[in-house]
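Student: Sharing a structure with you now.
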Amino acid sequence: MIEYRNVRVALLGAGSVGSQVARLLLEHGDELASRAGAGLELVGIAVRDVDAPRDVDLPADLFTTDAESLILGADIVVELIGGIEPARTLVLQALQSGADVVTGNKALLATHGPELFAAAEQVGAQLYYEAAVAGAIPIIRPLHDSLAGDRIERIMGIVNGTTNFILDLMDREGSTFEDALATATELGYAEADPTADIEGYDAAQKAAILASLAFHTSVPLAAVHREGITSVTIEQVRAARKAGYVVKILATAERLTDENGTEGVSARVYPALVPESHPLASVHGAKNAVFVEAEAAGDLMFYGAGAGGVETASAVLGDLVSAARRHVIGGPGIAESTQSELPVFPIGTVRTRYQITLHVADAPGVLSTVAGVLAKHGVSVETVEQTTAGATPGTATLVIGTHLAREADLADTVRTLRGEDVVLDVTSVLRVVGA
């Protein structure tokens, strides 16, 4: 039997993911050692309460509340606490001690990524974070390594399982948003407070991480435009399906050139109309998928479980094996490539298409008034559909599809339409994927 040197691993956090990481480390230690070329010795698990009930039965002597002492005796620190503090302080302490860090903390990376990567580079340590985006799906390493020689033009991702489950239930079963959210909560897909998911905060953090990595540029979380799904109605979902679309909330990171010829990037999260023919339209339930458009490689899609304790633990363990291999080989960690430092453009710079649904007076001149508003703002009409079916007497529903235009011009168009006397209500505004 081959004798391996041991690499000491400290685990911070024993929630749904952390407890599974510990279990798999203990159960498959020999197999992992053969892959890493070193034994992965779990030296302790730092938690707030050592007596708290847990889903996995783990040796009691591994638990401690003294995270700092545990960190100082480790070669690799796995941070699965979540949130900003004390995670930030502990990760910095680990990196400054020379330990490599494996984390799944999207909020921490989206908010303090540059600080953490700088701390790692200063001492030659490595920060791994495959589990921070899309759970079990390998997307960080392909972007970081496999596509490092390519030029990525755009990334579109369904990166939040809760919201995809809700929208999918609305689409396939005709549930209202409220009923779909209740089902998601009952099945454990949504937290008791689902705000981070349904308002797009979780997806925005992941968009910031993906954009920073794909475009070798620091993209702060504050620069990510964010809209949630709370305003999506069953009527919108039905109308979308009738028109050949599916409503999905997408995290989009895109390389752009503005009107002055300056190259930059955009990162944004919002619900959009995805053509039924697009691969992202067929992502059902709580699954995640990331669609990458690269100059040389073409279109690539990464699909799978975007959450779950054991599923996300798979990504953590992959990073842990990589970190252990680095310790065996030796040498400093590889610094993050953020040298491009492209400007991050505001949402108004983006060129997209809208589908605008209006509740209007059923009277002569309405179409010309609406067309005049669009023309005033330089927005060209692609399709128009008017119907009185289901509308109150004397009114009609007008659905307008626009050509490609600047987001700022489209937003101004919608604001102006809201002020027109013939427009009783702007009932729906959704972007259209495929522009």
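The values are calculated or read from the model by the stated rules, or taken from the named source; none is laboratory data. Quantities reported herein were computed from a predicted structural model and do not represent experimental measurements. Quick reminder, even Gly has a Cβ in these numbers, built from the backbone with ideal geometry, and neighbours come from all protein chains shown. Just so you know, the surface numbers come from the protein's heavy atoms only, side chains and all, with ligands and any DNA or RNA stripped out. Shrake-Rupley method; radii C 1.70, N 1.55, O 1.52, S 1.80 Å.
Student: Accessible area per residue, 1.4 Å probe, Å², for the stretch 1-96: what's the number?
Tutor: Here the residues of the stretch 1-96 average 50 Å² of exposed surface.
Student: Relative to the Cα centre, what is the charge dipole magnitude of the stretch 319-425, using +1 at the beta carbon of each Lys and Arg, -1 at the beta carbon of each Asp and Glu, and rounding to the nearest 20 debye?
Tutor: 380
Student: Work through the residues other than PHE165 whose Cβ is under 10 Å from its Cβ and net out their charges, Lys, Arg +1 and Asp, Glu -1.
Tutor: -1
Student: Here's another thing I want to ask about it. Based on Cα coordinates alone, diagonalise the gyration tensor for the stretch 163-224, multiply each eigenvalue by 5, take square roots, and list the semi-axes in whole Å, largest first.
Tutor: 29, 12, 8
Student: If you build the convex hull over the alpha carbons only and average its shadow over all orientations, what do you get for the stretch 232-358? Give it in nm² to one decimal.
Tutor: 11.9
Student: Over the chain, with a Gaussian network built from C-alpha contacts below 10 Å, which listed residue (THR397, THR352, THR262) shows the highest mean-square fluctuation?
Tutor: THR262
Student: Local charge sum around GLY104 (other residues, Cβ-Cβ under 12 Å, Lys/Arg +1, Asp/Glu -1)?
Tutor: -2
Student: Tell me, how many Å apart are the Cα centres for the stretch 402-434 and for the stretch 119-165?
Tutor: Using only Cα atoms, the two centres lie 34 Å from each other.
Student: For the chain, with all protein chains present and a 1.4 Å probe, just round the carbon and sulfur fraction of the accessible area to a whole percent.
Tutor: 50
Student: I've got another one for you. Give me the compactness ratio for the stretch 1-158, meaning the Cα radius of gyration over 2.2 N^0.38 Å.
Tutor: Here the answer is 1.07, to two decimals.
Student: Work from the charge dipole of the chain (Cβ charges, +1 for Lys and Arg, -1 for Asp and Glu, about the Cα centre) and give the residue of PRO346, VAL21, GLY83 farthest towards its positive end.
Tutor: PRO346
Student: How compact is the stretch 29-91 by the rule of thumb for globular proteins, expressed as Cα Rg over 2.2 N^0.38 Å?
Tutor: Rg over 2.2 N^0.38 Å, computed on Cα atoms: 1.24.
Student: Once phi is turned into θ = phi - 60°, what whole-Hz ³J(HN,Hα) does the Karplus curve with 6.51, -1.76 and 1.60 give for every residue of the stretch 143-157, x standing for Gly and Pro?
Tutor: 5, 6, 10, 4, 9, 4, x, 9, 10, 7, 9, 7, 10, 10, x
Student: Based solely on C-alpha atoms, express the radius of gyration and the Dmax of the stretch 152-284 in angstrom.
Tutor: Rg then Dmax for the stretch 152-284, in Å: 15.4, 51.
Student: Counting helices only, and only those DSSP H runs with n ≥ 4, report the 222 nm mean residue ellipticity of the chain as the sum of -39,500 (n - 2.57) divided by its residues, in deg cm²/dmol to the nearest 500.
Tutor: Computed mean residue ellipticity for the chain: -10500 deg cm²/dmol.
Student: Connecting C-alpha atoms closer than 10 Å in a GNM of the chain, tell me which of VAL265, VAL133, VAL56 has the biggest fluctuation.
Tutor: The residue with the greatest mean-square fluctuation here is VAL56.
Student: Among PRO279, PRO59, PRO332, which one shows the biggest mean-square fluctuation in a GNM of the chain, springs joining Cα atoms closer than 10 Å?
Tutor: PRO59
Student: Please report the net charge: other residues with Cβ closer than 15 Å to the Cβ of GLY331, K and R +1, D and E -1.
Tutor: -1
Student: Treating each Cα of the stretch 288-329 as an identical point scatterer and ignoring solvent, apply the Debye formula and state log10 I(q)/I(0) at q = 0.17, 0.30 Å⁻¹.
Tutor: Debye intensities relative to I(0), on a log10 scale: -0.69, -0.91.
Student: Find the all-direction average of the projected area of the Cα convex hull for the stretch 368-423, expressing the result in square nanometres with one decimal place.
Tutor: Dividing the Cα hull surface by four gives the mean projection, 4.0 nm².
Student: Further, regarding this structure: With a 1.4 Å probe and every protein chain left in place, tell me how much accessible area HIS28 has, in Å² to the nearest 10.
Tutor: Only protein atoms counted, so the area is about 80 Å².
Student: What is the magnitude of the charge dipole of the stretch 1-151 about its Cα centre, with +1 placed on the Cβ of each Lys and Arg, -1 on the Cβ of each Asp and Glu, and no other charges, expressed in debye to the nearest 20?
Tutor: Dipole size: approximately 380 debye.
Student: Given +1 on the Cβ of Lys and Arg, -1 on the Cβ of Asp and Glu, and no further charges, what dipole in debye does the chain carry about its Cα centre, rounded to the nearest 20?
Tutor: 780
Student: Sort 68-80, 172-184 by packing, meaning the average of other beta carbons within 10 Å per residue, with the highest value first.
Tutor: 68-80, 172-184
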